[in-house]
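Report on one structure; see the data block that follows.
The values are calculated or read from the model by the stated rules, or taken from the named source; none is laboratory data. These figures come from a predicted structure and were not determined experimentally. Every residue, glycine among them, receives a Cβ derived from its backbone with ideal geometry; neighbour counts consider all protein chains shown. Calculation scope for accessible area: heavy atoms of the full protein, side chains included, ligands and nucleic acids excluded. Shrake-Rupley method; radii C 1.70, N 1.55, O 1.52, S 1.80 Å.
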Amino acid sequence: MSNTVSDQHQGSAPSLSLQGKKVVVVGGKTGMGLGIAQAAYAGGASVVVASRRIASLSERPDLANFEQIILDIRDEAAVRQAFDSIGAFDHLAVTAAPDFGTWGAFMDSDMTGVRSYFEGKFLGSWACARYATPHLSTGGTITFFTGGAAVRPKPGFTAPTAAFVAVEALSGSLALELAPVRVNTIRPGFVDTEMWSILPADVRDGLRAKVRENFPARRAGTAADIAHAALFLMTNPYVTGTVIEVTGGENLVPSVM
Ligand SMILES: NC(=O)c1ccc[n+]([C@@H]2O[C@H](COP(=O)([O-])OP(=O)(O)OC[C@H]3O[C@@H](n4cnc5c(N)ncnc54)[C@H](OP(=O)(O)O)[C@@H]3O)[C@@H](O)[C@H]2O)c1
């Protein structure tokens, strides 16, 4: 890895094109990860999606344009093996996280939930960055994902709140330690993905209605909104060490949950 990058973009606006680039999305089979995979492919990249299982194309024809790799972010050896098998690439996004709500409330559970959440969200993000970096091109990027709880804690969300803050700290540290690889974090607000399928349908609909009514954007976020920000981070050569909020203004209004 060289310590300098060319001034190829000097004087002209960077392009959002990913033509000729290779993008790896850990968590890329659903939700924001899938949105990023689709946008990166549309932008000209070849795309690898990694998660805990390979889906058949009869089950998931929408994955036909992507290479699928099995990887459990809690398993360091598996993460290393997955990135060694992928080889050289340009951009990494890590959207994977343990299932919503698995952490347990602070006083209602022992520490099994928080250990497991950190193992997935924090150490999983760490492991992906650690074993991806030797394969990243000069000028490559890493994008992590957190959530609004990082700056607005909520009762019952202690484990993700702490893990999100830790991931954002990791992101800033790596922007220095891995430079010129650029490292950033997207902090999404409510985005209507499969993650929310854990809620009963009527509760999920009620949440959507509150979002439409209260968020300044007057709608729920989509995976495409997040993908747009992710492609910006991959392609703007002067953005590193930052956290971008894509929230529809959620942070400006009282919590809807
Ligand atoms: N959606 C929101 O409103 C929202 C708001 C704030 C923050 N976030 C954060 O944003 C990120 C993306 O959210 P999302 O809504 O896109 O989630 P999602 O649709 O639930 O996607 C999560 C993905 O992670 C994969 N995954 C889970 N555990 C894994 C593991 N141990 N190893 C490898 N892959 C694993 C899953 O695939 P497999 O099951 O195939 O492994 C799944 O594709 C998450 O970190 C979430 O905490 C989401």
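Residues VAL181, VAL165: which one is open to solvent by 20 Å² or more (accessible area, probe 1.4 Å), touching a helix residue (DSSP H, G or I) at 6+ places or on another chain (Cβ under 8 Å), among the β-branched types (Val, Ile, Thr) and modelled with pLDDT of 95 or more? So that I can check it myself, show each step before the final result.
Numbers: VAL181 fails: open to solvent by 20 Å² or more (accessible area, probe 1.4 Å).
Of the residues listed, the single one that is open to solvent by 20 Å² or more (accessible area, probe 1.4 Å), touching a helix residue (DSSP H, G or I) at 6+ places or on another chain (Cβ under 8 Å), among the β-branched types (Val, Ile, Thr) and modelled with pLDDT of 95 or more is VAL165.
Select from the range 57-100 the residues that are surrounded by fewer than 21 Cβ atoms within 10 Å (Cβ to Cβ), in contact with a Leu (Cβ under 9 Å, 6 or more places away or on another chain) and modelled with pLDDT of 95 or more and list them in ascending order. Residues satisfying the conditions are LEU57, ASP62, LEU63, ALA64, ARG74, GLU76, ALA78, GLN81, ALA88, PHE89. Kindly establish whether PRO188 is closer than 12 Å to LYS121 by Cβ, touching a Gly at 6+ places or on another chain (Cβ under 7 Å) and crowded, with 24+ Cβ neighbours inside 10 Å. So PRO188 does not fit the description; no. The residue that is farthest from the ligand (Cβ to nearest atom), counting only those in the range 56-73 that are aliphatic (A, V, I, L, M) and out of contact with any helix residue (DSSP H, G or I) (no Cβ under 6 Å at 6 or more places or on another chain), is ALA64. Considering the range 177-227, the residues that are among the aliphatic types (A, V, I, L, M) and more than 13 Å from the ligand (Cβ to nearest atom) include one that is farthest from GLY101 (Cα to Cα), namely ALA179. When GLU168 is tested against (1) of a type in the set (D, E, K, R); (2) within 20 Å of ALA220 (Cα to Cα); (3) assigned to a helix (DSSP H, G or I), only condition (2) is not met.
When ARG204 is tested against (1) among the charged types (D, E, K, R); (2) outside any helix (DSSP H, G or I); (3) more than 19 Å from the chain's Cα centre (by Cα), exactly one condition is not met: (2).
For ARG52, the conditions (1) on the phi > 0 side of the Ramachandran plot; (2) within 16 Å of the chain's Cα centre (by Cα) are fulfilled apart from (1). In the range 219-226, is there at least one residue being among the charged types (D, E, K, R), outside any helix (DSSP H, G or I) and either in contact (Cβ under 8 Å) with a residue 40 or more places away in the chain or crowded, with 23+ Cβ neighbours inside 10 Å (or both)? There is no residue in the range 219-226 that is among the charged types (D, E, K, R), outside any helix (DSSP H, G or I) and either in contact (Cβ under 8 Å) with a residue 40 or more places away in the chain or crowded, with 23+ Cβ neighbours inside 10 Å (or both).
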